[in-house]
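Asks: I'd like to ask some things about the structure below.
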Amino acid sequence: MRCLLAAITLALACGAHAQRAGTVDRIVAVVNRDVVTASELAERVDEAQRQLRRQNTPLPDRALLERRVLERLVLDKAQMQLARESGIRVDDVQLDRAIERIAEGNKMTLAAFRAVLQKDGVPYDRFREDVRAQIVITRLREREVDDRIEVSESEIDLYLEENKGGGAARNEYNLAHVLIRLPEQASPERIESARARAEKARAEALAGVDFARVAAAHSDAPDAIQGGVLGWRPEDRLPELFVSALRGMRPGDVSEVLRSPGGFHLIKLIERRGAESGPVVTQTRVRHILLRTNEVVSEAEARRRLLDLRQRVVVGGVDFAELARLHSQDGSAARGGELGWVLPGDTVPEFERAMNELKPGDTSEPVKTPFGWHLLQVMERRQGGLTLERRRLQARQALRERRADEAYEEWLRQLRDRSYVEIRLDDR
């Protein structure tokens, strides 16, 4: 969920979604039992153009951008339909909490965040539904793809050996890419047509056309309207097809056309970097008291109770562990609230920020996270490397994420192939 909330940023919100006055609506695509209307497409294309301008990316021809955006809408419609059929829902309480976390991530109160949306002409109801849809799609992906990814112990052993136990230098690449998607069991003519599109895109990039513009014009990937930028990715989060090409490239280079089961790819290496030694990280031994809110215990009541407990610890000298055993509403209560040694990224951002602001021995003010309200106390800190168990956990996660990204692209392709899609964009 945290990845999702990081992705729905203020940049998404800052584009106006006003309907074009006087436009007669019509259907531009049929997706199973749903449709994409001309006004819906126009909104999304305008939004994409505003985003490209904010990134100082040259705008592609509008007709080309329309087709890229329409394909994204088709995939979103197909996913939302499958989610509804599967019973995946996001109720208003869950949605409100998600939007509160988005506002907090932008260092705003919810009221201030709504004011920014209103100032930029973004209807709040529309923004809510955009967030709801993204949460639904994320849950669908987790159920259909991510939760089915398995990593064996032998694969972890091989990964650690290749990375010398996780402590060797590891390359990271800042890159952009173009994907020319192919359906399953594509005809030879379709394959050659896709290859020709990929070669044309590469020729434009080599001729000096801005790669972001090439991606926006040609790529079928979801990130096409962001100029195809993938950002920084470690080797273990990239397909081996990409890694093999990147190892022989210099910053600024554009790869040959690469073929995968999903289609044809171009990648551009923007920058590369590597760590020279094993990671040394700050480890924090922390304990907490968690109070959950419900129909009986309100947000204000949970916070008030924790303030009272904090007063008893800070002023009265009461043992934090004893209060945790009596009051904490999670499995750590039996251990006096102890969570053990926590590493960066182990906890949700709100918890980690509060923890990092404390010195050993300090007790926090009440902290709100998606799990409820917490009182934190830092016991001690140390600098150290990763244990073998932790390295294996990280290796498993890296392998799962890489495999999940690849599997999701393949799953989207198959979903598109088995959906009834009728494009009417040219029916002017």
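Asks: Check Leu339, Leu323, Leu358 and return the single one that is touching a residue at least 12 places away in the same chain (Cβ under 8 Å), open to solvent by less than 30 Å² (accessible area, probe 1.4 Å), outside any loop (DSSP other than H, G, I, E, B) and at negative phi. Give the steps one after another, and end with the answer.
Replies: Values: Leu339 fails: open to solvent by less than 30 Å² (accessible area, probe 1.4 Å); Leu358 fails: outside any loop (DSSP other than H, G, I, E, B).
Just a single option satisfies the conditions, and that option is Leu323.
Asks: Kindly establish whether Glu155 is open to solvent by 40 Å² or more (accessible area, probe 1.4 Å), out of contact with any Phe, Trp or Tyr (no Cβ under 9 Å at 6 or more places or on another chain), within 30 Å of Ser244 (Cα to Cα) and touching a residue at least 40 places away in the same chain (Cβ under 8 Å). I'd like the intermediate steps shown before the answer.
Replies: Details: open to solvent by 40 Å² or more (accessible area, probe 1.4 Å): yes; out of contact with any Phe, Trp or Tyr (no Cβ under 9 Å at 6 or more places or on another chain): yes; within 30 Å of Ser244 (Cα to Cα): yes; touching a residue at least 40 places away in the same chain (Cβ under 8 Å): yes.
Against the criterion (open to solvent by 40 Å² or more (accessible area, probe 1.4 Å), out of contact with any Phe, Trp or Tyr (no Cβ under 9 Å at 6 or more places or on another chain), within 30 Å of Ser244 (Cα to Cα) and touching a residue at least 40 places away in the same chain (Cβ under 8 Å)), Glu155 qualifies.
Asks: Might you check whether a residue that is part of a strand (DSSP E or B) and over 21 Å from Asn56 (Cβ atoms) occurs anywhere in the range 188-200?
Replies: No, there is no match, as no residue in the range 188-200 is part of a strand (DSSP E or B) and over 21 Å from Asn56 (Cβ atoms).
Asks: Filter the range 342-355 down to the residues that are surrounded by fewer than 18 Cβ atoms within 10 Å (Cβ to Cβ), on the phi < 0 side of the Ramachandran plot and without any contact (Cβ under 8 Å) to a residue 40 or more places away in the chain and list them by number.
Replies: Hits for the range 342-355 are Asp346, Arg353.
Asks: Also: Would it be correct to say that Ser244 is closer than 27 Å to Pro183 by Cβ and either in contact with a Ser or Thr (Cβ under 6 Å, 6 or more places away or on another chain) or of a type in the set (Ser, Thr, Tyr) (or both)?
Replies: Numbers: closer than 27 Å to Pro183 by Cβ: yes; either in contact with a Ser or Thr (Cβ under 6 Å, 6 or more places away or on another chain) or of a type in the set (Ser, Thr, Tyr) (or both): yes.
Judged against the criteria, Ser244 is a match.
Asks: Could you check, for the range 8-16, whether at least one of its residues is assigned to a loop (DSSP other than H, G, I, E, B), farther than 24 Å from Arg213 by Cα, open to solvent by 40 Å² or more (accessible area, probe 1.4 Å) and modelled with pLDDT under 85? Full working, then the answer.
Replies: Step one: filter the range 8-16 for residues assigned to a loop (DSSP other than H, G, I, E, B), giving 8-9, 14-16.
When the remaining residues are screened for being farther than 24 Å from Arg213 by Cα, the result is none.
No: zero hits.
Asks: For residues in the range 201-232 being open to solvent by 60 Å² or more (accessible area, probe 1.4 Å) and touching a residue at least 60 places away in the same chain (Cβ under 8 Å), which is farthest from Ile137 (Cα to Cα)?
Replies: In this case the residue turns out to be Asp210.
Asks: Another question about this same structure. Being over 24 Å from Asp223 (Cβ atoms) and open to solvent by less than 40 Å² (accessible area, probe 1.4 Å) narrows it down to one residue among Val281, Val318; which is it?
Replies: Unique residue meeting the criteria: Val281.
Asks: Condition first: surrounded by fewer than 18 Cβ atoms within 10 Å (Cβ to Cβ) and in a loop (DSSP other than H, G, I, E, B). Now tell me which residues in the range 361-395 satisfy that.
Replies: Within the range 361-395, Gly361, Asp362, Glu365, Pro370, Phe371, Gly385, Thr387 meet the criteria.
Asks: Which pairs do you get when a residue that is open to solvent by 60 Å² or more (accessible area, probe 1.4 Å), found in the range 110-134, comes within reach of a residue that is of a type in the set (Ser, Thr, Tyr), reach meaning Cβ atoms under 9 angstrom, with the pair 6+ apart or on two chains?
Replies: Matching pairs, first to second residue: Arg114/Tyr124; Gln118/Tyr124.
Asks: Kindly state which strands (runs of 3 or more DSSP E) lie completely within the range 203-298 and contain at least 1 residues that are farther than 30 Å from Glu322 by Cα, at pLDDT 90 or above and under 26 Å from the mean Cα position of the chain (by Cα).
Replies: Answer list for the range 203-298: 258-260, 263-274.
Asks: Moving to a separate point now. Considering the range 48-60 alone, what residues qualify as being closer than 30 Å to Glu410 by Cβ and surrounded by fewer than 18 Cβ atoms within 10 Å (Cβ to Cβ)?
Replies: Those that are closer than 30 Å to Glu410 by Cβ and surrounded by fewer than 18 Cβ atoms within 10 Å (Cβ to Cβ): Gln51, Gln55.
Asks: What are the residues in the range 387-406 that are in contact (Cβ under 8 Å) with a residue 24 or more places away in the chain, over 19 Å from Thr282 (Cα atoms) and not aliphatic (A, V, I, L, M), if any?
Replies: Arg396, Arg400, Glu401, Arg402, Arg403, Asp405, Glu406
The values are calculated or read from the model by the stated rules, or taken from the named source; none is laboratory data. Values in this document were obtained by computation on a predicted structure and should not be read as measured data. Please note: Cβ atoms are built from the backbone with ideal geometry, for glycine as well, and neighbour counts cover all protein chains shown. Accessible surface areas use protein heavy atoms only, side chains included; no ligands, DNA or RNA. Shrake-Rupley method; radii C 1.70, N 1.55, O 1.52, S 1.80 Å.
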